[in-house]
1. Give me the dipole magnitude in Debye, nearest 20, for the chain about the Cα centre, with unit charges on the beta carbon: positive for Lys and Arg, negative for Asp and Glu.
2. Skip the ligands, DNA and RNA, and give the accessible area per residue of the chain with a 1.4 Å probe, whole Å².
3. In terms of Cα to Cα distance under 14 Å, which aspartates and glutamates are near enough to LYS366, apart from those fewer than 8 places away along the same chain?
4. With every protein chain in place, what's the accessible area of ILE158 (1.4 Å probe, Å², nearest 10)?
5. Taking the Cα centre of the range 332-467 as origin, sum charge times position over the Cβ atoms of Lys and Arg (+1) and Asp and Glu (-1), and report the length of that vector in debye to the nearest 20.
6. In deg cm²/dmol, rounded to 500, what helix-only [θ] at 222 nm does the chain give when every DSSP H run of at least 4 residues adds -39500 (n - 2.57) and the total is split over its residues?
7. Based on Cβ point charges of +1 for Lys and Arg and -1 for Asp and Glu, what charge dipole magnitude is obtained for the range 350-422 about its Cα centre, in debye rounded to the nearest 20?
8. Any idea how far apart GLU458 and LYS378 come out in nm if each label point goes 7 Å out from Cα toward Cβ?
Amino acid sequence: MRIEIPRAINNKLASRYELIKAESLKSKEKNSLARAIRRHLSTQKQTNKNLRELTIFSVIADLVDQGWDIKVTDNDKTEDINRRLEINASPPQLKRNSESLNQAKKRIREGHLIGANKQFTKSSVRNFIKRMHTATKTQETIELLIDDPKTLIEDSLISFDEKKDDCLKSVIDPYLQEARSDLKDQFTNIKLSEIWRYFRLTWSLEYKTNPGRSLPFLIRNKARPNHPIMGIAMMASPVIGLGPRDKRLRLTKESFLEFAYEESISLDQIIIWIDEDINKSLKALKIDDLPKINWRMPKETNILELIEEAKEAKKQREILGSKFKNLNASLDTDNVKNKKFDSLKGEMDFLLFKAKRADKLSKLVKRKITLNELKKDKKKFDLKLEDVDKNSKFLDLLGGFITAKRTSVMDSDVMDLSVCGGIFPYNSLISGKLVALLMASNEARDIFHNRYKNSEREIARKMAGRHIRKSSTLRCLTTTSIYGVGSSQYNRLKINVLKGKKEQRINWENLGESMGYGTYHFSDDTQDYLDKYLNLTGKTTRINYEFGEGTSPRMRRLRESMSNLGFRSDGFFQHQNKRITYLCDLYESTPHEIYGLKISKPRNISQNQISKAWRKRWLEKRIHREEIQKQMKTSKIKEQLLSHKIESIESE
């Protein structure tokens, strides 16, 4: 992929890059090229003239960190020497030909560690860690919640008796705890949310907060002193578009049509569902300040009027946005400033949602017109599903229905495990598998329902112009592996529990690969450079991190900034670390549930039943492996502490 900038500038950057690269080859330090580029950046004084060059080099340093191949090509040796060199970037392969599976995982992990380790340079993170390791009159240190690996493995081996049923429960007896910010740990008096944050910082993947819903969990061992932490997890709002998941849940046009034929769903039934969805969407929309429409017989002209209404609202919002940013320079007193801020923000918020309402209504009108035509043709020609399943108008109509259904399901029925794994020393006993299984327990589902039952939806309220409350029914969990080359945690992860005469199963299904697409490989330093360059060019970003503007604000902001710089290909966001998508259905069949074809109860499996199955299937074998015994008997708690991690990073 090439950087789309003027040839003369590209030539200059390519020449400079070659010099930096040659210098880095003399060094034996790790990531020497990326470090050499950043050293070059640190020696340059930022000016309006060189800001573009510095920003491009910061992007290149991030790409090099993640294993991208940056090459300088000599396009035409007959051309002017000041114009012929060009920088090109190629993403890394998921697994290189010469690599083993573990080597590929190690390389990917090292790429993630670069961002994770940068967290520890922030004073806020360092101060937090220092506080967690400092005992006061009212608070003990976090070390109290880290189990001793040596006594843990020794006690496990002593307690093991193959003649006894579930003999290891006396040593490892897990339970779930919601990591709430308003509750403190009974042993250390540390907030539960801070305990969760501390242990999340021990991982190789940089911790970033997510927009939307988030529900953090601690998994603890009540059989040991102080109930040490075994693992952590977080349920979070799922991403909207995840191909393997959407196909499995029949939330794509193609998979829905397959489902319709499998279940003998008629065209009549599909028409009823689409009609009900349009009417439901209309009732949830404030329309009294939008162009009037004869809803029984809407016209194409109504769509054009609504599109213009949305454009005008967006235009007015951008004008107010400029005023909002210039407000600091034009006001004298804080009181006046605050009132102006609140007033402008309120107007901008109203215009944002007016544009969204007009956009949505225009789409509903289009769907209603197409539906009316389909109803007429259905009656006139006695159409069946097989008569229309390849018709472009029908497929567009079906696509609108599926999109609305997918949005609704993701909003209330699905949660993503954005964090899920074991904590030292229990990670050596594959507690990560236990954590993933416990997320499907009755207790986890109860915690979710207590948090989100009948909760108000802010975006829905602003779209409807009134309070909207919606109950949530957790039907399935999804997650993606860190490594696209395989996941030992989720691989063949399933258990069967006998309930009366029936067996109930928890099964994490492998749904296949999703594209490696995201922003983790771009640093905060690069984002700062990009923002400065965007401001220098006189362009103001339309991404303000306001609730309701849209999903993935960091992605949209980076895409806008990098396109302005010259990195216009979306390929720069495809980091090639493909992820394997997994799904755990908490019902017999979520697709049947969400389309109303079946009403059933969720799987009824408690945390105690799951823990017993985990101990029997995995733990009893694990403790007898010599390499695990040796590892746990020689491991030192001090080396796992974040205070030690900071010292190690500083020494490097």
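1. So the dipole magnitude of the chain works out to roughly 500 debye.
2. Dividing the accessible area of the chain by its residue count gives 51 Å².
3. ASP275, ASP277, GLU300, GLU305, ASP396
4. For ILE158, the solvent-accessible surface is approximately 130 Å².
5. With Lys and Arg at +1 and Asp and Glu at -1, about 780 debye.
6. -15000 deg cm²/dmol
7. I would put it at about 560 debye.
8. Using points 7 Å along Cα→Cβ, the separation is 3.9 nm.
The values are calculated or read from the model by the stated rules, or taken from the named source; none is laboratory data. Computed from a predicted model, the values in this text were never measured in an experiment. Cβ coordinates were reconstructed from backbone atoms using ideal geometry, including for glycine residues, and neighbour counts include every protein chain displayed. For the accessible areas, the whole protein counts, side chains as well, though only heavy atoms, and no ligand, DNA or RNA atoms are used. Shrake-Rupley method; radii C 1.70, N 1.55, O 1.52, S 1.80 Å.
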